[in-house]
1. Does anything in segment A:28-44 have its amide N under 18 Å from the 7 Å Cα→Cβ label point of B:LYS107, and if so which residues?
2. Once the label point is placed 7 Å from Cα along Cβ, list for A:SER58 the distances to the corresponding points in the other copies, in nm, shortest first.
3. Reported to two decimal places, what Rg/Rh ratio describes the protein assembly as shown when computed on Cα atoms with Rh from the Kirkwood expression?
4. At 0.890 mPa s and 25 °C, plugging the Kirkwood radius over alpha-carbon pairs of segment B:3-54 into Stokes-Einstein gives what diffusion coefficient in µm²/s?
5. Cut-off under 21 Å on the C-alpha distance; same-chain residues fewer than 8 positions from A:LYS107 excluded. Which lysines are left, in chain and number order?
6. Do any GluC sites (Glu not before Pro) in segment B:1-90 lie in a DSSP loop with no more than 13 other beta carbon atoms within 10 Å, and if so, which?
7. Once you place label points 7 Å from the Cα toward the Cβ at B:LEU57 and B:SER19, how far apart are they in nm?
8. Given label points at 7 Å from Cα along Cα→Cβ, what nm distances, shortest first, separate A:LYS45 from the same residue in every other copy?
Protein chains: 2
Amino acid sequence: MLKIAKSVEYALFAIKYMSEKENKKCSSVAEISESQNIPFDLLAKIMQKLAKGGIILSTQGIKGGYVLNCRPEQISLNRLINILDKKIQFTNCMVDNPTTNDCHRVKNCCIRNPMQKIQNRLNELFDITTVHDLIQ
Amino acid sequence: MLKIAKSVEYALFAIKYMSEKENKKCSSVAEISESQNIPFDLLAKIMQKLAKGGIILSTQGIKGGYVLNCRPEQISLNRLINILDKKIQFTNCMVDNPTTNDCHRVKNCCIRNPMQKIQNRLNELFDITTVHDLIQ
DNA sequence: TTAATTCGGACTAAAAAAGTCGTATTTATG
DNA sequence: CATAAATACGACTTTTTTAGTCCGAATTAA
Ligand code: FES
Ligand code: FES
């Protein structure tokens, strides 16, 4: 089944929440988790990845939390997916230098090139789609 | 990870094999499985689905096997995916009449419409891509 | 000092995909 | 008619991936 990971879905709702927060106040994981019905621990991990990925800024300690570091218009779906360690990889040979370890057919794989082309189209689609497009 | 199911990959190789068979002779699962390095039992199930889906015709009994029932140009990737019981479903709410059972957010889900649009684009892509495009 | 918060890794559980097995049915051929 | 080689079909197991949980540490406002 070709599906978008739940973590990406959760990240979208979290970003939406933060983007609607008045005058750039930061939001705690607890706050987002409760209001958006997302498991706390899971969301905590997602937020840490978003912070590492530069999408949000964190403040530690009591009264800490997260703020958006850029506008949803500036975040592509593809970037979000990458930050959350998810991948678009149609076949095992869709990597830079595929070895027989990736797939034994690699030496003489007739589907590699055509598959790559479709995958590229999907990547383009995910590149031009912004988080803003998805949460408005 | 957005990936194409192995069964779809296997089906492509099987169809390629059958399409290259001279004068419409039928191919047994054993024959395809060995030449294409695909687990016998798994391929057997795939072939049965392809037969039910009308892509290939089966002949039972000794000297039986499968023949293509249409040309690879006439089979879209989407059709192949559907026949093999795989789905393109980005979120749980990407169904005809989503209930709160599919996802509790369904009543007021802001990502449903925009997600549906991207998913539609992917479906279009998979509709215009034929098996022939993938195995040449 | 304390309590609320992020940080980060290890772990478990659930779901999906991949693969295996057993038994029945079909049919060409000796 | 008996046999062997093939498909038919469903149940089952294993592996992989995703989702979710837990715990202890570090940070910091009050
Ligand atoms: S599918 Fe295996 S190498 Fe391309
Ligand atoms: S994501 Fe749950 S209803 Fe759309």
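1. A:34-38, by backbone N distance to the label point.
2. When each copy's label point is compared with this one, the spacings are 5.4 nm.
3. 1.07
4. 220 µm²/s
5. A:LYS117, B:LYS3, B:LYS6, B:LYS16
6. Taking segment B:1-90 and a limit of 13 other Cβ atoms within 10 Å, the loop GluC sites (Glu not before Pro) found are B:GLU20.
7. For B:LEU57 paired with B:SER19, the spin-label model returns 1.9 nm.
8. 2.8
The values are calculated or read from the model by the stated rules, or taken from the named source; none is laboratory data. None of the values given here were measured: they were computed from a predicted structure. FYI the Cβ positions are ideal-geometry reconstructions off the backbone, even for glycines, and counts take in every protein chain you see. Areas reflect the complete protein model, heavy atoms only, side chains present, ligands, DNA and RNA absent. Shrake-Rupley method; radii C 1.70, N 1.55, O 1.52, S 1.80 Å.
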